[in-house]
Amino acid sequence: VGSCFLASRVDRGARVGTGSLVVHCDIGRQTVVGEGCLLHDVDLPHGTRVPPGTFLHCVPLGAAAAVAAGFELGIESQTNVSNDLNGGAHCWTCIVLSIDDEVKKPGHSTLGGVDVELAASRLGFDTACGDAVWSEFESHTTTLARVFPVCATSGEAVVAALDLLAEIRRAGGGKVSVPCVSRQSSRSSGDTNLNTENGAEDGPFPGSPRGNNVRSDRIPNFGTSTNTNTPEKQTPLTAAPLRVSISEALRVLANHAAAVARRDALRGRVIGHAVSTLLARDTAVQSWR
């Protein structure tokens with residue numbers, strides 16, 4: 001059994017493991033995708049390593065998420081990722097899971113192959129406080145966990161997601177204490193409410209519970225240090241202060257027009273690459289298929 005590619009482009013020197021499915025993806029040079037992976041709408045920067053059994057799905061997000069994340073609208077990221085296809089999106093997030101993760105069952109949900117609450121703890125969230133990851137009345141499931149970073153580009157989101165997965169899987173992941181943010185204090189914190197339709201009392205982006213309205217200075221820094229007394233000195237795992245859940249990304253914040261635009265642009269690259277290969281091999285037009 002080999003790997004399967006659908007509407008995807010694979011650059012020079014890239015390798016994809018046995019049993020992996022790659023759909024609408026742009027795979028950069030010298031990239032290695034492990035066995036049994038499922039990648040969808042993903043742009044892998046050059047030299048990226050994807051562990052075996054990993055699920056990745058990138059989601060373009062709308063302007064509200066970009067504003068909440070602190071990105072300037074219309075300003076593209078300066079990150080040097082030559083194969084990044086943004087599709088006109090203002091920002092992105094990347095959902096990362098283990099292929100066999102359970103994502104919807106309270107008490108049995110996993111992320112990266114470990115219990116989702118343990119995973120959140122390893123990422124530096126104090127799950128006893130609740131509001132940092134789940135709002136008061138939400139089930140503690142993977143689909144509702146606000147742990148996925150919002151980044152300026154698809155490529156940056158992939159890198160942040162893989163870093164997140166590595167931190168979760170790291171044995172005895174360091175725990176950083178995060179101050180509890182009560183609903184009362186979050187209401188008086190002065191954060192901007194971007195969704196005022198129908199009098200909704202939402203968080204920093206449309207549809208998010210108010211319990212996720214946490215100021216950027218209260219978002220934990222993720223690093224390799226295990227010293228819980230000085231979290232401010234740890235190296236951040238990613239620079240993105242805003243984190244969203246799978247449910248928010250797919251149901252509320254997704255920019256579907258950008259997703260279509262990215263796929264169209266990728267299709268052009270796939271066709272162009274195929275035609276260039278045929279011409280380079282001096283293949284007769286009659287035999288093109």
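We did not get these values from a lab; they are worked out from the coordinates using the rules stated. It should be emphasised that the depicted structure is a prediction, and the values quoted were computed from it without experimental measurement. Every residue, glycine as well, gets a Cβ built from its backbone with ideal geometry; the counts of neighbours run over all protein chains shown.
How do 150-157, 259-266 rank on mean C-beta neighbours within 10 Å, highest first?
150-157, 259-266
How far, in nm, would the chain grow between R269 and H108 when pulled straight, counting 0.36 nm per residue and subtracting the alpha carbon separation? Intermediate values should be presented prior to the final figure.
Numbers: separation 161, 0.36 × 161 = 57.96 nm, distance 4.15 nm.
Length gained between R269 and H108: 53.8 nm.
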